[in-house]
Amino acid sequence: MQLPVNIILADDHTLFADGIHSILQTVPNVAVLAIATNGQELIDLLSRHQPDIVILDINMPVLNGLEATKLIRQEFPHIRTIILSSYNDPHLINLAHSYGADGYLLKTCNKDELLQTIRQVSKGQSCFPSMPRLYHPESENLPIREFNLTRRETEILQLINQQFTNQQIATHLYLSIYTVETHRKNIMQKLQLKSPAALTRFLLEKGL
Amino acid sequence: MTEELFMYFIPSTPAFLGPIHSYFLRLIYPLSTYLVSSGILPIACIGSVSVWIVVMLRRLEAYQKRQKELLRKLQEQQAMMTNQELDIQEAERKRIAADIHDEIGGNLAAIRVNLQNLHYRTKQDEQKATSLLQLVDQTSQNVRRAAHNLIPPLFGNIPLTDILQSYFSLLNTPDILFHFCTNKYQPYFDARQELILYRIIMELTNNIIRHAKASAATIQLLYYPDHLEIVVEDDGIGLSTSPGRMQGIGLSGVKSRVRSLGGKLHVDSGISGTTFIIHIPVIPQHAATC
């Protein structure tokens with residue numbers, strides 16, 4: 001690491017923060033200025049210290065890490081933030097990203113990953129774990145996938161297209177008429193159509 | 001009794017009353033004939049009987065109304081008790097999850113980072129430490145999963161659909177393909193109500209994993225202007241062929257939770273699988289503020 005990097009840690013679990021601290025002490029050009037035990041304490045510390053990077057946990061009392069990140073982005077836009085959390089939920093990682101965090105690390109990371117992330121973030125890059133994506137196999141090759149129809153709804157739409165009545169669809173798919181009616185209502189909502197005539201027109205236009 | 005009194009009364013009428021009596025009769029006879037023949041008397045009779053009937057019907061109605069009111073109050077009380085029970089359960093879960101995650105999870109993370117930071121004299125020691133690290137990792141993963149199952153982190157601050165999207169994208173079920181689908185999230189419900197909705201979906205999902213023998217399942221949350229519709233489908237063996245699934249604690253929990261939100265549950269089960277359709281109305285004053 002070329003330039004000296006000043007860091008503030010924030011974690012309510014002091015033993016963990018001390019552990020990270022002692023790892024970082026062995027690294028040249030990295031200095032830990034202070035350790036906060038909650039988000040509010042961290043924000044208070046920032047008015048006295050000028051760190052380059054803040055490494056913070058999500059789950060903290062008083063002010064959680066995500067809210068703190070948002071605040072730091074508004075109040076101290078030059079300070080970079082890395083979330084170090086045990087949560088690997090994609091929506092939390094997304095939220096951290098949208099709140100302006102520069103990096104996200106899981107607490108199960110090893111020393112090299114930690115240092116790598118600090119290095120990247122200090123260079124102005126962002127560093128987030130790769131996230132699993134929802135897989136929609138049934139909607140892959142359908143012309144109507146943009147409408148977010150499920151497999152069952154597509155099936156019903158095809159039967160409607162073949163002039164099946166609700167009762168006939170129910171018998172054909174071994175469903176109750178109420179279930180078919182509900183699916184039909186949901187299809188209409190997803191396609192943003194108001195009347196059966198509009199549905200017929202839609203099916204014609206899509207060439208189904 | 002009245003007849004006897006009358007018979008006693010007539011002969012004892014004094015003689016001087018005779019002319020008056022006959023005059024009275026002469027006057028009263030055409031009058032009564034007139035009353036009967038003109039239909040006034042029959043109409044009056046029918047009228048009074050119908051008034052009586054109406055009064056009785058009214059009374060019956062009022063009685064039924066009162067009974068309905070009592071029944072409603074009883075149901076309300078029952079619903080309130082279920083709600084309180086659910087609230088207590090949720091508070092307890094939250095507390096246990098916080099304990100597990102913060103205490104045990106926190107300590108494990110601290111053990112891990114400090115273990116990593118030790119300096120080992122021999123290669124053997126380092127290998128031992130590495131296997132210990134793996135064990136710590138495994139344990140903290142289990143702890144995280146346990147806490148997560150009790151209540152997802154930061155519940156109430158994050159849209160329910162995001163939490164579910166994450167859940168289903170991380171759900172690792174080799175035999176069943178889960179598909180989660182939702183339209184635009186609407187903040188119709190408060191955190192407490194969203195937690196109830198979350199529990200309903202989790203229970204139905206676990207039910208599919210444990211009993212349905214399905215190969216695919218779809219979970220949908222669709223927000224309409226006046227209600228939320230939850231559709232949970234699977235292509236499994238249906239409820240009737242899987243004993244214990246309908247009576248299971250899970251489904252009765254689903255039912256009472258749906259009821260506590262004032263919703264309706266529709267179950268459609270057959271050889272093509274099972275479909276749960278849950279309709280949750282948006283509370284009017286809540287909708288007005290959105």
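Just a few scattered comments:
- Using C-alpha pairs under 8 Å with a sequence gap of at least 6, the mean separation divided by the residue count of the range A:137-206 gives a relative contact order of 29 percent.
- The relative contact order of chain B, computed from alpha carbon pairs under 8 Å that lie at least 6 residues apart in sequence, is 13 percent.
- Computed over the range B:128-224, relative contact order equals 35 percent, with contacts defined as Cα pairs under 8 Å that lie 6+ residues apart.
- For B:LYS94, a cut-off of 25 angstrom between C-alpha atoms picks up these lysines, skipping any fewer than 8 places away in its own chain: A:LYS107, B:LYS255.
- Helix A:151-161 axis, angle to chain A major axis (alpha carbon atoms, nearest 10°): 30 degrees
- Only helical runs count toward this figure. For chain B, summing -39,500 (n - 2.57) over DSSP H runs of n ≥ 4 and dividing by all residues gives -20500 deg cm²/dmol at 222 nm.
- Helical mean residue ellipticity (222 nm; -39500 (n - 2.57) per DSSP H run of 4+; nearest 500) of chain A: -14000 deg cm²/dmol
- A simple charge model with +1 on the Cβ of Lys and Arg, -1 on the Cβ of Asp and Glu and nothing else charged puts the dipole of the protein assembly as shown at about 1000 debye relative to its Cα centre.
- Estimated inter-spin distance, A:LEU204 and B:GLN75, nm [label 7 Å along Cα→Cβ]: 4.7 nm
- Karplus 3J(HN,Hα) series, Hz, for the range B:119-133 with 6.51 cos²θ - 1.76 cosθ + 1.60 (x for Gly, Pro): 9, 9, 7, 10, 5, 4, 4, 5, 4, 4, 4, 5, 5, 5, 4
- Bridgeable aspartates and glutamates around A:LYS194 (alpha carbons under 14 Å apart, same-chain partners fewer than 8 residues away excluded) are absent.
- Helix A:177-190 axis versus longest C-alpha principal axis of chain A: approximately 60°, rounded to the nearest ten.
- Ranked list, fewest to most other Cβ atoms within 10 Å of each Cβ, for B:CYS181, A:CYS127: A:CYS127, B:CYS181
- Charged-residue dipole, Cβ positions (Lys, Arg, Asp, Glu), the range B:158-290 about Cα centre, Debye nearest 20: 380 debye
- Sites A:ALA31 and B:TYR120 - FRET efficiency at Förster radius 30 Å, r taken between beta-carbons, to 0.05: 0.70
- In this label model, B:TRP52 and A:GLU155 are separated by 6.5 nm, measuring between points 7 Å along each Cα→Cβ vector.
- Of the residues B:LEU25, B:LEU164, A:LEU42, the one with the fewest other Cβ atoms within 10 Å heads the list, and the complete ranking is B:LEU25, B:LEU164, A:LEU42.
- Efficiency of FRET between B:HIS266 and A:SER130 - r from beta-carbon atoms, R0 45 angstrom, step 0.05: 0.65
- Filter on A:LYS206/B:LYS213; A:LYS185/B:LYS73; A:LYS111/B:LYS123 - keep pairs with C-alpha separation over 24 Å: A:LYS206/B:LYS213; A:LYS185/B:LYS73
- Ranking of B:PHE24, A:PHE128 by count of other Cβ atoms within 10 Å, fewest first: B:PHE24, A:PHE128
- Overall, the anisotropy analysis places the range A:137-206 in the oblate class: the square-rooted eigenvalues a ≥ b ≥ c of its C-alpha gyration tensor yield a/c not less than 1.5, with a/b not exceeding b/c.
- Computed FRET value (nearest 0.05) for B:HIS227 with B:THR139, which takes r as the C-beta separation and R₀ as 56 Å: 0.80
No lab work stands behind these numbers, since they all come straight from the coordinates. Values in this document were obtained by computation on a predicted structure and should not be read as measured data. Backbone-built Cβ (ideal geometry, glycine too); neighbour counts: all protein chains shown.
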